[in-house]
Structures are given as C-alpha cells and as structure tokens.
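Data first, discussion second: the structure below is written as structure tokens.
The values are calculated or read from the model by the stated rules, or taken from the named source; none is laboratory data. Just so it is clear, the structure is predicted and the values come from calculations on it, not from any experiment. Heads up, the Cβs are rebuilt from the backbone with ideal geometry, glycines too, and the neighbour counts pull from every protein chain shown. Side chains included, ligands, DNA and RNA excluded: accessible areas come from the protein's heavy atoms. Shrake-Rupley method; radii C 1.70, N 1.55, O 1.52, S 1.80 Å.
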Amino acid sequence: MNRGLSLNNLIVTGPAGLIVTCMDLQVEPGQTVALVGESGSGKSMTAKAMTGLLPRGVTATGTLQLGEVTVDLALGPQALLGLRGQQISLLLQNPFTSLSPVHRCGEQITAALSPELRRSKEEIRRRLDEVDLPERVARQYPFELSGGMRQRVALAASLASNPQILIGDEPTTALDVTTQREMLDLLERIQRERDMALLLITHDLGVAQERADKILVMYAGRLVESGQGAEVFAHAQHPYTAGLRDSVPPLEHRLVELRAIAGSVPRPWEVAVGCVFAPRCDRADERCHNEAPELVGTASQVACWKPITTNDIHLPVLTVSDVQTQNTDNELVVITGISKRFSPSAPLALDNVDISIHSGEAVGIVGESGSGKTTLARCLIGLESFDSGNISWSINTPMAQRAQIVFQDPTSALNPAMTIGSALAEALRASHRDKSEVPALLQLVGLPAEYANSYPSGLSGGEQQRVAIARSIAPRPKLLICDEPVSSLDVSVQAQILNLMNSLLKELGIALLFITHDLAVVRQVVSRVYVMSNGRVVESGTMENVLLSPQHEYTRQLFSSVARK
Amino acid sequence: MKLRRSRRPIIPIVTGIPLSIIAIFVIASRWIVPNATRQDIMTGVTSPGTTGHLFGTDQLGRDITQLAIAGAGSAVVGPIVIALGSMMIGILLGTFAGYMGGWLDLLLSKYADLLLALPTTLVALVVTGLVDGGYWVTVLVLIMLFSPTDIRMVRGSVIAQSGRPYIESAKVLGLGRTRIMFRHILPNVLPVAFSTMLLNVAFALVSMSALSFLGLGVGPGVPDWGRQLSDSRDLLDRNWGSLVLPAMLIIITAAAINLLGDWLQERFEERSVSR
Amino acid sequence: MDTAHSYRRLTQLLSRGSLTRFVIVRLAATGLLLLVLSFVVFALLHLTPGDPARNLVGVRNVTPELLQSIRDKYHLNDPFMSQYLHWLGNVLHGDFGESIRNNTTVTTLLSDRVTLTLQLASLSFVLTVLVAVPLGIAAAWRSGSVLDRSVSAASIVGIGAPTYAVGLLLLYVFGLWLDIFPVYGSGDGGLDRWWHLVLPAITLASGLAAMVFKLTRTAVIAELNQDYVAFAQSRGLSHRQIRSLVLRNAMIPVATSLGLVFAFLFGGTILVEVTFALQGIGSLLAGSVTFKDLPVVQAITLLTATVIALTALTVDILYYLVDPRVRKRGPR
Ligand SMILES: Nc1ncnc2c1ncn2[C@@H]1O[C@H](COP(=O)(O)OP(=O)(O)OP(=O)(O)O)[C@@H](O)[C@H]1O
Ligand code: SF4
Ligand SMILES: [Mg+2]
C-alpha cells in the first residue's frame, strides 16, 4: 500500500494571475523532500493548496493523491475534509501566531483527538514527551514559552491525529540558529520513528542540502529543477539553481566577489512567454525568450533549453585571505565599558561592552536575537542612551558625518511619502552638499538615475536597500553601521548587496560595523569580529581566528549550528 | 503584498451626489429660497402635497421644503468648523505630545480621559445649556469635546511613525526636529487625520442637531433641521412631511459622510499596508 | 502576630500581576477620576453666569432674606474649597440638595425617575447584544456575502443616524400610522411600562447595535485571519471547535467594546426620553438644564459618571480574568 503523497499538475490562480504553474511532486513514506526557492516563488501557496487553506480569491486545480485516496483540488477545501490532520498536516512558520493565545497548550495539542483521549493525562504526557517537552507545558499558555518550545507544541498538535504526511512551511525560519538545529533534529527523529513523509519548505539551501533526500527548486511559481539531495546543487543543471548556489556565501572562505544573479525575483504572473528565468539568465538566447522549456528528465529533472553540463567550463572561485593588517594607532572610535538596562526588572541589554573600530576597517558583530547587537549600534549612533561607559571618537566633525546607519527592513527605512530623489537630496543637504550629486550617488549604489523620481513603493526590496545605503553614505560618514542589512532580502539579492558593500568600502575608504546573526554573511565582509551573547562580548578577534579556533563555548555552539543544519 | 481587489469607486459616486446637492443648498440657499422664513399665519399647518408646498407647512405657515433648504447652512457649517477646529487642535497638540512626550503628553491624555468618562451629548447639553450659548458657543464647546479624541488619534499615529526606521534615519542625518515633524511625520499622518475629520463632521452634525432638538444651539426663528424636527413633534398628526424631510436629510447627510470617511480610511490603511 | 509573615503575605497579594493589586490600582484610578469630576461638577455652580445664590433662587421672588438663607445653606460665603468639601460630604451621604424647580430634595426626584431610565437602558442593552453580536459574528464568518453586505450597509446608516430622528420616524410609523405601540409617556407600571418602552428601546438600540455590530465583525474577522485558524484547519479540527477557538479570542475585544457602549447608552437616553416624553433621568436633565436647576444637573452628571466609571472598572476586571496574557503579565 502506498502511504505517500503525490501531487499532480497543480495550478494555483490568484486575482492577479497564475501563482503556481504545473506543479508535480511526490513524497514517499520516510522520505524528506525539500522545496526550495526565493520568497514569492509559490512554496507556501503550494502547501496551502495541498491542505485546502488557500486564501480568499485564490483557487487551485490539480489532483492530490494521499495514500489510497485521490482528491480533486478544484473542489476546494471540502474535498479534504476528513483527510486534514488524519492524512496530511501542515506546520507553519511562525510559532508565535500559530497557536491560540488564550488556550492552554495541552488543550490545543489534543483538540483533534477523540473526547476520551482528550481528557487522558497519560495521552498528553506521551504527546509532550515525543517532542521533548516536560509535562507542565500542558497547563501553560503559549506566551509563557520560548519560540522553540512553542514550535514543539505546534508540532505535537499537528501530529495529534497521526498523519502520514507532514508539510513544514519554513518550520524553523522564525527560530534562533541554535534552536533551529534542535528543531530540525527533532523533526528528523519523529519522521524516522513514525515512518512519515516530510515535505520541508525552506529558503535555506543549507537546510535542504543537509536534511533532504530529494530537492525541488521553484522559481516564479514553476518547478525548474529537481534531483537527489545535495546533487542538485553540486551538479546544478539549471542556471538559476547554479546562481542560487553561488549566491550563498560560504563559511569556509572569503570570496573576492559572490556570484550574484542580476535583477530581482519576478512575480509569477508577470512572467510573459518563454523561460521564466530568461530576463536574468546569462545563457539566454532567442528560443529562451520565446518558448517555455518543459521539465524533463528521469532521476533528475530540469526545465531549461541549455542546461549546464559537466563539460561546461567552471569559472574558478577566487578567495582572498581575510586577515588584514591592523593599524592599531589609528582608532576611529573606542567604546569602553558600555552598560545599558531598559527597565529595572529587565536583564542588562549591554553588559560592560568594549569595542574599537579603526579607520577604514570592517568590523562585525555576531550574535543571536536579543544578544544586544542592535542596542549597541543604537547607542553608538546616538539613538539610544546608555547607563554607564564611554564612547570616544577620534574625529570632531558633526555626528552625521561621523557615522550613519542602515537598517534591516528597507521598506520601512524609506519615507513612503518622499521620492527617492528628494530623500537623497535631503541627506546631501543635511551635510551641506549639493543635490546635484544625487545621480552620482545612485550610480554608486548601482541604480539608474531615473529612479530619483520614483517612490519607494515602486522599488523591489533589494533596490530599496540600495537607496537606503546611498542615503547613509551621502554625508560621507567615516563609519557606516549596518544592522542586519541583508536578512530580509532574498539570497540572490543578498549577494548583490554584499558585493556592493565590499566595493563601496574599497571605493570610499570608510569603516564598517556590520551586525548580523549570520556568520557566513559577515565572513564575506569584515576582517575582525566580536561575538555577543546576553549583552556581553564573549569573544573577539580576526575573522579567521575566531572561525578556526573559537575560544568561547557560545561561539563554538553558534559555529556548529551554522556548519551543520 | 501588491494585491488589490479591483474596486470601482462606487462609494464616492453614491455619496457624492447627495453631498453635492447639500453643498449647493448651503452655498446658495439665500438665492434659492430667499423667503424661507416668511410666515403666513393664514395658511397654518398644511399636509404634504398642498399646492406649492411639497412637504406641507408648519404652524406658522412656513414651507417645510424651503425651511429645510435654508436649514442646510446651520446644519453643515457648524459641524465642518467643529471637525476642522478640533483636528487643528488635534494635529497641533497631538504632534507635540507624540513627538515631545513629557508633561504635555501626560496632561493631554488625562484631559482626554476625563472627557471620555462622560457621554458627549451630556456634557454638551450641560455646558451649552448653563452658559446660554448661541450657535457659535455650541460650536466652540463641541470643538473642546471633540479635540481630545483627535489629539489621541494624532498622537497615536505620530508615535507609531516616530518609531519607524525612516524617522530614525532622519535623526541620524542630523535633521532638525521641525523638519522631521513637518517633512517626515506629518505627511504620513495627514491622510488618516483627513478621514477622521470627515467622520467627525458626521458625528458633529448629529450632535449639533441633537442640541437644537433639545432647544439649544440655534437661536429662535433660525432655520435648522434639528429645530424643525423638534417642532414637528406637535404636528405629527397633521403634517408628516415636517418630520420626514428634515429627518431624512440628516440621516442621508450623516450616512453619506460616514460612508465616504470609512471608504477613505480603508483606502489609506490599504495603501500604508501595501507600501 | 508575625509581622514578617503578614508582610510577605501582603507583598504577595500586591505582587506584579496579582488580581488584588490589579483591582486596587484600578479602583484607585477610578476613585481619583471621580474625585476630579466631582470637583468640576461642583464648580459648575460657579461657572454658570450670574450670582450662584440668585441662580439657586430660581423663579422664587428674590428677597434679601431668601438670598441670605440660600447663602447660609450652601455655605456660599465660605472659601471655595470648604464649600466644595461641604458639598462633597453631603453628596457622599446621598444628599444633593434641593431642586429649584420642584420643591423636593434632588434625591427624591431622582429616585422617582431612575427606575425608568434603568429599564430603558437595560432593555436597549439587551436588545443590542442579542441582535448585534450574533449578526456581527455571522457577517464576519461569511464576509462578502449578501447578509454581510446588507447588514454592514445598514450599520453605517445606523451609526450616522441621530437617535431622535430615528425615534421620531419610528414613532410616526408604528405609533401614529400603524398604531401598534403607544406614542408618548411611560405607561402605568408593570407590563404596560415595558410595552411603552419598546419603541424607545429600539430607537436607542439602533445606533448602539450598529456600533457593536461593526466592532464585533471587525474583531471576528481579525481573528479569522490569524495563523492559528489556518493551523487548526490543517489539523482537521471540526467547524465547531474552530468556531469556539475564534470566539473565545474575539470575545475579549467584543466585551471591551460593550463596556464602552455604556457611555453612549447614557448619552442616548437623554434624547430618547425627550423624544418619547418619558419621565426618566435624561428628560429630567434636559429640563433642568434649560431651567438652570443646578443641584439636579450636578447630581445627574455625577451619577452618570459614576455608573460609567464603574462599568469600565468591571470590564477591566473581566478582561483581566478572561485574558491569560493580561493575567500573567499584569495590566497593560
Ligand atoms: N492572499 C493572497 N492572495 C493572492 N496572492 C497571494 C496571496 N498571498 C500570497 N500571494 C502571492 O502568491 C505568490 C506566491 O507566494 P508564496 O507565499 O507561496 O511564496 P513563498 O515561496 O512561500 O515565499 P516566502 O519564501 O516569502 O514564504 C506571491 O507572488 C504572492 O504575492
Ligand atoms: S531556458 Fe534559457 S533562459 Fe531559461 S534557464 Fe535555460 S538557458 Fe536560461
Ligand atoms: Mg512562504
């Protein structure tokens, strides 16, 4: 008997047009299939279509085979009644919103069980035990638990009716790196114990490579490539898969330049005729622009007219040594013993932090959420006050010309009511420079001069971040602070921005303070790094030294959770 | 998310028609119905349909229709002034309170708490009644009563704006407070303020006419919808037109403004989400 | 007595997030609010144009003796603060002075009228809740349906329409034209009284129901869009289970809004009582204001404020009991 899942010819249509086109996928019991792709590629919509959870105004056609049962998805959610939970279950990304805030965890885990089992203490204990949670959690409310624990509660709830197929839609994305790994291990163990089919949706290629038996790559609502595990990336046939792979910054070494894919991810329905990837593909020719390639192949499949073969010449990857000479007598700013507490009952957000940055030097701060990275940056730039300690600058210019900051979310970093041009002109004027420099500034960050007349809402996330960077270098600061500048961007766009930062550093000779939770990202930009945990600097040194021989327990933990997901 | 249900602008059209007719009445009533208040004791009360009197006449023989057209002015002008005035106070104090914080903020929020502890109708009735105020005193009292909610609203959205990264970027660029307030915060607060103001016009219209229904606000003899309604209670058995016309006018005007305000508010919210 | 123990007990009771502490803090705030309001209400006497003593004389013949006796009685020659404290002391004993218009104490006057207003208010409130909450839930559940769109449209008219205009129209249609309900007056007690209250209560409820409908609909739609609903569906929970999940969450904002509606209720009674010539507190207030019957105005204002403040307090405490987040973390 076949207990797996097979999805055939799924088409999802939204109010604006096609969202997912001709999607096929199979998952067998005990198998993990990863569905990867950048944001908006239709991963979640595929999962929602399979569970009958499509939002209003979005419809699906196609068939879904669950074990012995065949479901016509065009019939809507009704067709899946009795199957959801029992056969197929969906674990969502955000554990903070996927549980009802006013119901106890025990109640939510057992809601899908029969009334007798629902009351059984034994049953609840068994369920909690399966996801490594103590019994007391049953009586607690979700808000009393950490993110990782909530996601375990959600996992237990989705397994309540013993489904044969579990879809995890980015089940670990909202968690901290170290928790992510535990959660993935747990998923893997439960899958093995239950011999369950697992469809793992993720944008993290590392996770897919590490955990999946089979990987499917989606782009703009279409499947572009699929194959066995790590093979898909190692021997990528589709130019997009290869580009995606090359966009991911490696942890092991620093590259001269990441091989980014130009442009940004299109909306599925904006794709006209031809290959969806053609506008960004450097192999594209006449045919690519006129005819859409089909997904072909047996063991591995690819939708491309000119797939990359082993005979193709691989450009050599250029790495550089990231130990740079330090000019110790040329300190730009020195932070000594800064402490900060937000409220008397809260723990210290910053605990006696010492940091120094030299002129023209790129320094990184790494740590998990809540470790105090952002608070430190805000204190440095003057957006936050601190309780004790000292910040001393070696220059005497106005604050605006000492340091500027780039935030994580580019959308909210730009005033929606102002054109790009006037935002940049304002930044220039603020430091007594002329607004005629706007085109030059745009060019510096790789945007066409016409963008001066657009509003932020007309730009993609990556373009918005370029504008934000342009604005922050307008006053010619001596230090640029970047607080998670690429974490809300797609991998391919992230690579572009990282390249841009590196070239800006070289061109302008300014210092950089790069804050991130991602070791591999920071590796590509900085030469020296501080590791923060619970408001303290627990380790510091050159990038290479910290990676090769981490001294502090926390650094090792961080490092291992990144290295193996 | 760039998804927007295609929506025909049906609401502006549906509400625009009655509102423009009312606007014409307000502006041009002195030419359309120059003799609205002329009394004709001989005629007395007549029922709707009497020759020359579509909705009949009242005890003093005044034509109900003409009176209602003439009454549009006092029904609408005061509320517009109230909404404008209270929003001006709201923007002025709300922006300062939101952006500066401190004792002003505390004082204003306590003032709002105090006023919200009592129904507007009650406070308006007591204050205007006790001071024997005329039309404009009533307007002033209502401005005072409406402003706390506007202050709160503006303060809330100013605070929401000030926390956003683009305001912080502006601070880091070294821009002055005034510039940040006027160039960055206000333009993003004004759309919401405008739709709130519209809703306030409707609310003020109802409050003003309620007060004149209770015999306060407009002076005797001045044409006014609320006054007409109050008078109509004694004529109900003889002329239903004296009730129906002003009542419908008030209801339609208030509903149209409400609809438009709601629609605008939704649009603005949608825009701020999709941005 | 072990003081250390009782101290520990006390700190425990008052610890962050404990119910006792919550109630004490909210009670203190309510008390303070009412104290400030009482001061403002008292000051009305002096803010009203004219000599307070003359204002208190009313239509009686003004003689120097009468003025003097009134000054003595109300301590008008004392300093302002001591006048206020005197007045407040009396008020706390239920003594609001004497009505100027009717020669009775304010307290008697009010106790004759208060029943009717309470009956009217409670009838409207019950009507509102029974109609608006279920409709709001149904409309949210099928948002975009004919039901939703027609009730939503009606609610916009309901919110905008002035109470008294609606009242008069209902009065004309059902009272005069169709002759189903009595037109004016409060009836002669018992069932007849309630029969007289039907139209006024519907009038008052129409505006409130529109408001409550909108709030309920918004609250339920907001909950329906939450992830936990999708998650519950994906786990195969029954329709009934999901509804109870959603309603339990939506109940919190809905209950809060019902508390706020109370303030509007008491504003609305004034107009409805005047429209239908009902002998309640609201029409008494309207009459007393025109007549400058200050003691009555003061008493009614203060009473209304007290009722509204106590309702708000009750709602807050309920909120605290219903929402585990508030309960564990302490008040917002
Ligand atoms: N409620 C909706 N109605 C219509 N279209 C939607 C809706 N939600 C999302 N979409 C569109 O569907 C497309 C696919 O979205 P989907 O959420 O499946 O992407 P994803 O691959 O899961 O991305 P992410 O990595 O960001 O989660 C997007 O272009 C999006 O704009
Ligand atoms: S089909 Fe052409 S455009 Fe598309 S990925 Fe292949 S080579 Fe590039
Ligand atoms: Mg997704």
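A few notes on this one:
Residue-wise test of (1) over 30 Å from A:Pro410 (Cα atoms); (2) within 23 Å of the chain's Cα centre (by Cα).
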residue	(1), (2)
B:Ser74	yes, yes
B:Trp103	yes, no
B:Leu107	yes, no
B:Tyr111	yes, yes
B:Gly133	yes, yes
B:Val139	yes, yes
B:Leu145	yes, yes
B:Gln161	no, no
B:Ser169	no, no
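- First in region B:54-78 and open to solvent by 30 Å² or more (accessible area, probe 1.4 Å), second anywhere and among the polar types (S, T, N, Q) and assigned to a helix (DSSP H, G or I), Cβ under 6 Å, 6 or more apart: B:Leu54/B:Thr65; B:Phe55/B:Thr65
- Filter result for C:Ala299 (on the phi > 0 side of the Ramachandran plot, more than 8 Å from chain B (Cβ to nearest Cβ), in contact (Cβ under 8 Å) with a residue 60 or more places away in the chain and touching a Ser or Thr at 6+ places or on another chain (Cβ under 9 Å)): no
- Test result for C:Trp141, under 30 Å from C:Met251 (Cβ atoms), more than 13 Å from chain B (Cβ to nearest Cβ), touching a residue at least 12 places away in the same chain (Cβ under 8 Å) and touching an Asp or Glu at 6+ places or on another chain (Cβ under 9 Å): yes
- Search result, residues across region A:50-104 that are facing chain C (nearest Cβ under 8 Å) and on the phi > 0 side of the Ramachandran plot: A:Gly52, A:Gly82, A:Gly85
- Of the set (1) away from chain C (no Cβ under 14 Å); (2) in a helix (DSSP H, G or I); (3) touching a helix residue (DSSP H, G or I) at 6+ places or on another chain (Cβ under 6 Å), all apply to B:Thr178 but (3).
- For the condition more than 14 Å from chain C (Cβ to nearest Cβ), more than 16 Å from ligand 3 (Cβ to nearest atom) and either out of contact with any Lys or Arg (no Cβ under 7 Å at 6 or more places or on another chain) or hydroxyl-bearing (Ser, Thr, Tyr) (or both), A:Ile19 does not qualify.
- Subset of region C:155-185 (residues that are touching a residue at least 40 places away in the same chain (Cβ under 8 Å), more than 7 Å from chain B (Cβ to nearest Cβ) and open to solvent by 60 Å² or more (accessible area, probe 1.4 Å)): C:Tyr184
- Residues located in region C:77-106, provided they are open to solvent by less than 60 Å² (accessible area, probe 1.4 Å), in a helix (DSSP H, G or I) and not aromatic (Phe, Trp, Tyr): C:Ser82, C:Gln83, C:Leu88, C:Gly89, C:Val91, C:Val106
- In region A:321-344, the residues that are of a type in the set (Lys, Arg) reach residues that are open to solvent by 80 Å² or more (accessible area, probe 1.4 Å) and modelled with pLDDT of 90 or more with C-beta atoms within less than 8 angstrom, at least six apart or across chains, in these pairs: A:Lys340/A:Asp387; A:Arg341/A:Asp387.
- With respect to the conditions (1) outside any helix (DSSP H, G or I); (2) at the interface with another protein chain (Cβ under 9 Å from one of its Cβ atoms), B:Ser207 falls short on a single one, namely (1).
- Hey, C:Ala205 small (Gly, Ala, Ser) and loosely packed, with under 15 Cβ neighbours inside 10 Å or not: no
- Cβ-Cβ under 6 Å pairs, at least 6 apart or on other chains, region B:119-142 side more than 20 Å from C:Gly50 (Cα to Cα), far side open to solvent by 40 Å² or more (accessible area, probe 1.4 Å) and of a type in the set (Asp, Glu): none
- The criterion of being within 11 Å of chain B (Cβ to nearest Cβ), touching a residue at least 40 places away in the same chain (Cβ under 8 Å) and closer than 20 Å to A:Gly40 by Cβ holds for A:Pro456.
- Members of region A:264-285 found to be more than 14 Å from every other protein chain (Cβ to nearest Cβ) and either modelled with pLDDT under 80 or within 16 Å of ligand 3 (Cβ to nearest atom) (or both), listed by number: A:Val271, A:Ala272
Condition check ((1) farther than 30 Å from C:Lys292 by Cα; (2) aliphatic (A, V, I, L, M); (3) crowded, with 17+ Cβ neighbours inside 10 Å) across all residues:
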site: B:Ala160; (1), (2), (3): yes, yes, no
site: B:Ile167; (1), (2), (3): yes, yes, yes
site: B:Val172; (1), (2), (3): yes, yes, yes
site: B:Gly176; (1), (2), (3): yes, no, no
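- Restricting region C:230-244 to residues that are among the small types (Gly, Ala, Ser) and in a loop (DSSP other than H, G, I, E, B), the residue that is farthest from A:Leu81 (Cα to Cα): C:Ser238
- Residue count for region C:223-273, restricted to those that are more than 30 Å from B:Ser230 (Cβ to Cβ), open to solvent by 50 Å² or more (accessible area, probe 1.4 Å) and not hydroxyl-bearing (Ser, Thr, Tyr): 11.
- Filter result for A:Cys288 (open to solvent by less than 60 Å² (accessible area, probe 1.4 Å), modelled with pLDDT of 85 or more and in a loop (DSSP other than H, G, I, E, B)): no
- Failed condition for A:Ala174, given (1) open to solvent by 10 Å² or more (accessible area, probe 1.4 Å); (2) touching a strand residue (DSSP E or B) at 6+ places or on another chain (Cβ under 9 Å); (3) of a type in the set (A, V, I, L, M, F, W, C): (2)
- Failed item, numbered, when A:Glu331 is tested on (1) modelled with pLDDT of 80 or more; (2) closer than 22 Å to A:Asn502 by Cα; (3) open to solvent by less than 60 Å² (accessible area, probe 1.4 Å): (3)
- Within region A:291-318, the set of residues being open to solvent by 80 Å² or more (accessible area, probe 1.4 Å) and either away from ligand 2 (no atom under 13 Å from the Cβ) or modelled with pLDDT under 75 (or both) comprises A:Thr298, A:Thr310, A:Asn311, A:Ile313, A:His314, A:Leu315, A:Pro316, A:Val317, A:Leu318.
- Listed by first and then second residue, the pairs with beta-carbon distance under 6 Å, at least 6 apart or on different chains, first residue in region A:45-69 and more than 14 Å from ligand 1 (Cβ to nearest atom), second open to solvent by less than 10 Å² (accessible area, probe 1.4 Å), are A:Gly52/A:Leu80; A:Gly62/A:Leu10; A:Leu64/A:Leu7; A:Leu64/A:Met50; A:Leu64/A:Val71; A:Leu66/A:Leu5; A:Leu66/A:Ile88.
- Residues (more than 8 Å from chain C (Cβ to nearest Cβ), among the acidic types (Asp, Glu) and part of a loop (DSSP other than H, G, I, E, B)) located in region B:228-256: B:Asp234
- Within region A:153-171, the presence of at least one residue that is at positive phi and buried (at least 17 other Cβ atoms within 10 Å of the Cβ) is confirmed.
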